[in-house]
Structure formats: structure tokens, C-alpha cells
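Okay, so here's the structure we're looking at.
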Amino acid sequence: MVRRPVAWVTALVLFAEAIGVALLNWFLGVVVDRQDMSLAGLDSDTMAVSSKIGGLVFGLYFVACAVSALLVGVRDRAPGLLGRVLLISAAVVHALLGAFTVGLVGWGAFVFMMVVLGLIVFTLLAYDRREAGPVDAVPPGGGGGGEGLRREDAAGQGAGQGAGREGTVDLGKDAGDGRHGAAGTAVAPPPAPSTS
């Protein structure tokens with residue numbers, strides 16, 4: 001199957017993105033700190049520290065997404081709830097970044113973001129399909145359901161025959177059935193007419 005290699009490639013790409021995002025934000029923080037820049041009166045030290053912290057946070061986020069994709073490839077099964085949420089959020093982030101990078105960076109960055117988006121979506125959808133089992137599969141809980149019903153039917157028929165021979169039927173089991181009378185009462189056949 002092609003879905004396991006795609007999951008592994010997705011994990012590798014997300015790991016690379018995590019390293020790239022962390023290094024880029026760290027580099028921007030160092031540049032702002034050394035140039036003593038200011039934006040709208042903000043302190044340059046605050047901007048530098050914020051950039052570095054943001055790079056670490058986004059890097060850890062992409063690492064978590066990569067670990068989720070890697071677990072999907074290793075286990076060869078659909079991700080859990082947390083993994084699914086991480087991968088869906090990563091797909092949304094790449095879609096938004098792709099839209100922003102067209103004007104800021106160029107079409108090359110847009111194509112890269114769309115390729116990563118396609119890898120993530122394929123990983124999610126490939127493992128979302130539920131394989132249908134055979135039609136005559138034994139249901140969970142044992143395969144003796146039909147046999148048990150046949151035994152109950154045979155027992156019921158035997159009880160009915162015995163009741164016919166004895167002349168009375170106890171309907172305590174059939175309480176609320178409504179077919180044979182009130183619950184717990186015995187129904188006797190009508191007396192035979194006397195011939196004398």
C-alpha cells in the first residue's frame with residue numbers, strides 16, 4: 001500500500017518544517033536584537049524574545065504533528081483523536097500559509113505549502129476508509145445465536161405438547177403477552193359434554 005510511505009514522507013516533511021520554522025524565527029530574533037530595531041514603539045528586546053519564543057512554540061507544534069504522522073505510518077492505522085486534531089489543524093495552517101506566501105514569497109513557496117497540504121490530507125483520508133468485512137462473518141459475542149434460538153423453539157414446542165396432554169397451560173412466563181390471558185392464571189379447556 002502507498003499510504004504508509006506517504007505517512008512517513010509527511011512526517012519527515014513536518015519534521016523539516018519544524019526545524020526550519022524554529023531556525024527562521026530564531027534568526028529573525030537575533031537580527032532584530034543586533035540591529036536595535038523598533039516597530040511602533042515596541043522594545044527591540046521584547047521583539048527579539050517574542051520571535052524566539054514563537055519559533056520554539058511553532059517548532060514544537062510541527063514536531064507534534066510530525067510525530068502523529070509518524071505513528072500513523074508505523075502502526076498502519078488511523079490516528080487517534082489528538083493525532084487527528086493535530087493533522088487537521090496542520091492542514092488548515094498550511095492552507096493559510098499557502099495563501100499568504102503567494103504575495104510575500106512567491107509561487108514556489110505556495111506550491112510547497114500545497115504539496116504538504118496534499119500529503120496531510122491524503123494521510124487523513126487514506127486511513128479513514130473502513131474496510132467492509134465479509135457478509136457471513138460471525139457477529140461478536142459468539143456464533144451460537146441461531147443455535148440457541150433453535151433450542152429455545154424446540155423447548156417451547158415440547159412444553160406446548162406436554163401442556164396439551166396435561167390439559168392445563170401455565171402462562172406465568174407469558175406475563176403481559178396478551179395472547180393467552182392474564183399473567184399468572186391457568187387456562188383450562190372447556191369440560192367435555194356428558195353423554196349420560
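Ordering 69-77, 42-50 by mean Cβ neighbour count within 10 Å, with the highest value first, yields 69-77, 42-50. Over segment 45-125, accessible surface divided per residue gives 55 Å², non-protein components excluded, 1.4 Å probe. Accessible-area rank, largest first, for Arg34, Arg84: Arg34, Arg84, with all protein chains present and a 1.4 angstrom probe. Between Thr46 and Arg75, residue separation times 0.36 nm minus the direct Cα-Cα distance comes to 6.1 nm.
Under the simplified labelling scheme, the Leu96-Phe27 pair shows an inter-label distance of 2.4 nm, with each label point 7 Å from Cα along Cα→Cβ.
Computing FRET efficiency as 1/(1 + (r/R0)^6) for Arg34 and Ala109, where r is the C-beta to C-beta distance and R0 is 25 Å, gives about 0.45. Computed on protein heavy atoms with a 1.4 Å probe, the accessible areas place Tyr127, Tyr61 in the order Tyr61, Tyr127, largest first. Solvent-accessible area of segment 44-95 (1.4 angstrom probe, protein heavy atoms only): carbon and sulfur portion equals 77 percent.
The values are calculated or read from the model by the stated rules, or taken from the named source; none is laboratory data. These figures come from a predicted structure and were not determined experimentally. We place every Cβ from the backbone using ideal geometry, glycine too, and count neighbours over all the protein chains shown. Heads up: the accessible areas ignore ligands, DNA and RNA and are worked out on the full protein's heavy atoms, side chains in. Shrake-Rupley method; radii C 1.70, N 1.55, O 1.52, S 1.80 Å.
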